[in-house]
Each structure stands twice: as C-alpha cells, then as structure tokens.
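First up is the structure itself, then whatever we jot down about it.
The values are calculated or read from the model by the stated rules, or taken from the named source; none is laboratory data. Predicted model only: the values in this text are computed from it and were never measured. Please note: Cβ atoms are built from the backbone with ideal geometry, for glycine as well, and neighbour counts cover all protein chains shown. What goes into the accessible areas is simple: the full protein's heavy atoms, side chains included, and nothing from ligands, DNA or RNA. Shrake-Rupley method; radii C 1.70, N 1.55, O 1.52, S 1.80 Å.
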Amino acid sequence: MSSTFMSIGEALGQEQLEKLELVLKLINNTNLTIHMSLQSHGNLNKYTSVTIQGDIRINGQTAESTIMRQISSFMYQDDIFIETMTVFELMWFTAKLRLEYKMDNSSLEKTINDILQEVGLLSRKNHKIGATEHTKILSGGEKKRLSFAAELISNPMVLFLDEPTTGQDAFTANILIKYLKKLTMKNRTILCTLHQPSSELFNYFDNVIIIADGRVAFFGTNLEAMKFFAGCHTFSCHRTLLLIQRGFLQIYRSSSIRWLQILQKIMIAIISGLCFFGSINLDQLGIQATQGVIFILVSENTFFPMYSTLSLIPQELPLFLREYKTGMFSVKEYYISKVLTLFPGLVIESVIFTFIVCILSGLFPQFISLLETIMIVILTINVSSACVAFKNISLAMAYLVPFDYILMITMGSFIKLSSLPLYIQWVKYFSWLLYSTETISIIHWKDINNISCYPNDEDLPCIEDGNQVLQYFDFQEDNFTQDIIFMISLYFMFHFLGYIILLKKSS
C-alpha cells in the first residue's frame, strides 16, 4: 500500500454519513451503494436508518472486516475515556487489549513513552484524564492528542482521523500534523477530516478532497488544488457590493469625523480664497497671484488626502487578514470596495474646496472654466489618494516626505522645468502635481489675449498674453490631453501597486 497523507475538508453541517462514504471511497477500487429509508418528521425528512452495502478492496484484494481491524485504526471526533485512569494506564490497557502479539513490559513502556513524547503528553503521563464531572485534569486539546496516541499504539498501516486538530492551538496543531506527516514516511496511509485548515497545515497534505455543500469540489494534490481554485475563483459583484455597503455604513457611523474633515476643508478654502481676494487681475502682479491660487488648488488636494489615507490599510490590516483567510472575500473585491467607498468623499471635498477658492479669489468667472478646473482637481485628489501601498504609517512617512518635496519642485511653480538637472528631470514624468498645475494653467491662460504691462516699472517683466505666461513656466497648451492621460495612468498604476502589495501581505 502506498504511503499517502490525505485530508477531507468538510463543510459545516455535513452529516457523518457523508464523511463515512468519502472516507471509504478513498480505499482503492471501492464500490459502494448507499441505501437509506426516510421518515417524514413535520415538514422535514430525516435519516432513520442507513445500510451500506458493497465491498472494500485494498490493492485489488477484498478486505474483510477482520483484516481492516488488523491494519487500520479510527480516531473519533468525540473523546470518550474512563476518566479515573491516568494517561499511561489508558495507553497500557489499550495496548494490552489490542496487540495480539506478545511484548515485554519494558518494551511496551518504552513504546508508550515514545508515542506520548511525540504528541506532547509525556509530562502528563501520570495525570488522571478527568477527576469529576465538573473538574477536568486534561484539557480538550490534550484529550484529542491522547485519542490520537491511543490509536497509534497498534501501529496501524491505515489511520482514519476525524477532526484531529479540534481544540488544539495553532502551535500544537502544527506539531500534531507534522508528526502525522512523519508517519506517512513509514509506509502508512493516513486519512483525516479537517475543517478550514490553515495554509501552513494545508501544505503538509499530499492529496486533498475539498467538500462544498455536500459535494466534492476538488480531488487531487494540494498544489493542484491551489492552482485549480486560483484559476476558477471569479470576481463577485455581490460580495463587492456588500463590502461597499459596509464601508459606507462605517463612514456613516463615524459621520462626526467626516463632517469635521469637510468643515476643516471649508475653513482652509475660505482662508485661501480671502488671501487672494481682489488680486486676480490681468496684469503682471496678477500672473503671480493666479499661479499662487493654482498652487493652493493642487497642493491642498494632493498632500492632505494623501496623508489622510495612509492609515487606511494599516488600521484595517488585521481585520482584513482574518476575514480574507476565512474566505469571506478576495483581495480584489476588498481593494475595489475600498477605492469605490473613498471616491464619493474625495469628490465632495474637491468640489467644495475648488468652488470656494475660485469664487472668493475670482480665478474663474466663467462657469465652463470653473467646471473644467473642478474635474482636474477631482482627478488630482484621486491620484493622490491612490498612494496607499504601505504597511505602516512610519514607513510611508519615511518614503513620501522626501518624495513630496521633489514632486513640488518639479510641478513648475518654483523652477523653470527646462533648467532642471538631468538626474532629476525624470521625476517630472511621475509628478501628477506638474500635470495638474499645467492643465489648470492652460484652462485659465489659453484665451487670455491681453495682459497689462508697467512700462515705468523696470522691476516687473512684461508678459503680454496667456501664451507667453505658459511659455514662461515651460507649459504647453498642446500637453492638455496628454497630461490628463498621464494622470489617469498614474491613478491606475498606483492602485495596481497598492493591490499587489496588499496581495503579497495576504499570502
């Protein structure tokens, strides 16, 4: 008989009959016919008797019940003992009753001690299994290991185990399954049922049967199972909608914090707009004031939302990992729901801020220009909020703060872009601040044909129209569509990186 290590992953509520049928079918060339009589009980049908007919063959040979008793053992899910006995006494009497061959007492004691050592019960060998009905000496997990040890005493070739890790902590369960794996190296066949094994335990199995809704969902090696379910797992709109609904409920329940953020945004917008009130004129001083307002629109909708969303994943990571590992949703569904949950709030913030600043400063008196600017700012704030691919806030701050300084330098407001050194020019291609600043500047200056000069003031330049303003900052009107495409590309690229990092954390 070849050595295998197999697990039957069972669904909640599976009847023992289905377990038994699947376990028996694992024996080579098994043919079974299940006969059941049903009795009506109210509106429900329940099994009243079960008859299993057929034959069991091992390597093509018919195996009688006496042979099966000689070569196999079965560990039940429920642990039933004579609780007044000690651990060693239970093992001793079990060995004496089961073993048909003679073994001297010293050899038997050594065998028992070796088995107890393997399952971590050697230090408890002289303890009683249970004292009274209400007082337990051995814990539930220790009783489970004792059941397992008792079945090993006969050194079976085939071992059936029903939920061997129930009641065990992760460390003890790992030790137990690892010991089972070692037994399979000694020409043994081990079959066990497990409910939702961890990924670490799952990797020990040679072959697995996975059951869903009472039916076999997969039968093969563990590696084949992972490939199979990775390929057949599909995106579920239903689960994503539930996650979005839960996210909105979470925002609603913390509405006081959300309203405080919006109020803060309004106050900053009012202060910023009033600072530039009456300074937006078509003259040389008005050029500087206009670019100042554009800088406020871009920077305030970049850095504040960026740092506000940094704590999103670190705060929810423990809950996400727990729910994800229980199969409640996929990483893709979770990530998409977070993006969609954040989107309405980002739109509201950017619309309110842009509208107040532009109206108070007088930047865009025309409705179309104002609407175009709002759309660019919405895109800007969403690109900024896509930078959430960090494990913790400290790590994010360590990387983002210096990177943000470079982004500001290359946005075109502080230095002529053509004068940037070669080793830093590449950064501007990843600077959505540059794309946002350039597009909003184009919206404002593209139709300006006359700007007043001060011929008597030699300290001021003489820029005569909007086209010259764009040239002064190294902006080009032809880049408008290109800038929007680049910003959209950065939005998806940042979110893709965030998804990949979250996927890595979940593995």
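Some points to look at:
- Here Leu417 and Lys504 are evaluated by their C-beta separation; at R0 = 56 Å the FRET efficiency comes out at 0.95.
- On full extension, the segment bounded by Asn450 and Thr86 gains 121.0 nm, given 0.36 nm per residue less the C-alpha separation.
- When all protein chains stay in place and ligands, DNA and RNA are ignored, the 1.4 Å accessible-area order of Ser73, Ser106, largest first, is Ser106, Ser73.
- Along segment 471-488 the Karplus relation, 6.51 cos²θ - 1.76 cosθ + 1.60 evaluated at θ = phi - 60°, assigns HN-Hα couplings of 5, 4, 9, 6, 9, 10, 4, 5, 7, 4, 5, 4, 4, 5, 4, 5, 5, 5 Hz to successive residues, with x for each Gly and Pro.
- Inter-label distance for Tyr472 and Ser139, nm, one decimal - labels placed 7 Å from Cα along Cα-to-Cβ: 7.5
- Gain on full stretching of the segment that runs from His238 to Ser279 - 0.36 nm per residue minus C-alpha separation: 9.5 nm
- Using a Förster distance of 51 Å, the FRET efficiency for Met397-Lys186 (Cβ separation, nearest 0.05): 0.40
- Inter-label distance for Ser489 and Phe171, nm, one decimal - labels placed 7 Å from Cα along Cα-to-Cβ: 5.2
- The H on the amide N of Ala217, modeled in the peptide plane, is under 5 Å from the matching H of Ile210, Ile211, Ala212, each at least 5 residues off or on a different chain.
- Note on Ile368 and Thr66: the model spin-label points, each 7 Å out from Cα along the C-beta direction, lie 10.0 nm apart.
- Gain upon complete extension [Thr221, Glu464; 0.36 nm per residue less C-alpha separation]: 79.9 nm
- Unit charges at the beta carbon, dipole of segment 288-393: most positive-side option, Gly345, Phe320, Tyr307: Phe320
- Entries in Lys144/Lys325; Lys110/Lys182; Lys338/Lys428; Lys182/Lys505; Lys325/Lys504 that, when Cα-Cα distance is taken, lie over 22 Å: Lys144/Lys325; Lys338/Lys428; Lys182/Lys505
- If R0 equals 22 Å, the separation of the Cβ atoms of Trp259 and Ser308 corresponds to a calculated FRET efficiency of about 0.90.
- Scoring 241-251, 81-91 by mean Cβ neighbours within 10 Å over their residues and listing the highest first yields 81-91, 241-251.
- Net +/- balance of residues flanking Glu438 in space, Cβ distance below 12 Å, scoring K and R +1, D and E -1: -2
- Sites listed here are GluC sites (Glu not before Pro) in segment 90-191 whose DSSP assignment is loop and whose Cβ has at most 16 other Cβ atoms within 10 Å: Glu100, Glu133.
- Segment 413-507: trypsin sites (Lys or Arg not before Pro) in DSSP coil with no more than 11 other Cβ atoms inside 10 Å: Lys416
- Overall form of segment 235-276 per C-alpha gyration tensor (a/c, 1.5; a/b vs b/c): oblate
- Summing charges over neighbours of Met411, with a neighbour being any other residue whose Cβ is under 9 Å away from its Cβ, gives 0 when K and R count +1 and D and E count -1.
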